[in-house]
Amino acid sequence: MIKWIISNFTLVIKWVIDNKLSLIALLVSIWTAYKSRTFFKVKWGNNCEITMNNSVVAMKKDGTPEISYTDTFLTYLTVVNPSPNDLAYYDLKVYDADNGNPLEIIYAIYFYLNDDHTYFVHYLNPLNSNLLELPEKNHGVFKANSYTRFNLHQ
């Protein structure tokens, strides 16, 4: 192969000169593909926390409790999409690891039907609480250049 290239060096140079526009287009497309490659990072919560009775509460905008949950499991999911493109359609489902049965997840859309200002709080103790970020619904897309965190509780 090298012997052929050396013997036909002038033909190779002529081919490169004749096809310089095509070669430039190829290099530009390779560079563009490299720069706009798509990837995202997913991190699950290290543990699934069992909450105290009535420590997860759906609150109305004025601060009055709407509903409280007993015997819930709480974990989180974090997704970072640094790509300039919307990525990864998701359909979120949770299953019991022991028997494979599906578990119910609380989605924010359940409460938006009645009141669009409901938020969720997890009370760690009477003086300390965390605001929960529930998924809007069980499916969607991770938007471009986004950080998405879901607190999942069942």
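The values are calculated or read from the model by the stated rules, or taken from the named source; none is laboratory data. Remember, predicted model here, so these are calculated numbers, not experimental data. Note: ideal-geometry Cβ built from the backbone for every residue, glycine included; neighbour counts use all protein chains shown. Just so you know, the surface numbers come from the protein's heavy atoms only, side chains and all, with ligands and any DNA or RNA stripped out. Shrake-Rupley method; radii C 1.70, N 1.55, O 1.52, S 1.80 Å.
Quick notes on this structure:
- Within the stretch 46-154, strands (runs of 3 or more DSSP E) holding 1 or more residues that are modelled with pLDDT of 75 or more and of a type in the set (D, E, K, R): 65-69, 87-91, 146-153
- Qualifying residue in the stretch 26-43 (condition: assigned to a strand (DSSP E or B) and open to solvent by less than 60 Å² (accessible area, probe 1.4 Å)): no
- From the list E66, E49, the one residue that fits, being surrounded by 10 or more Cβ atoms within 10 Å (Cβ to Cβ), among the acidic types (D, E) and more than 24 Å from the chain's Cα centre (by Cα), is E66.
- When residues of the stretch 125-140 are limited to those that are surrounded by 13 or more Cβ atoms within 10 Å (Cβ to Cβ) and aliphatic (A, V, I, L, M), the one nearest to P82 (Cα to Cα): L134
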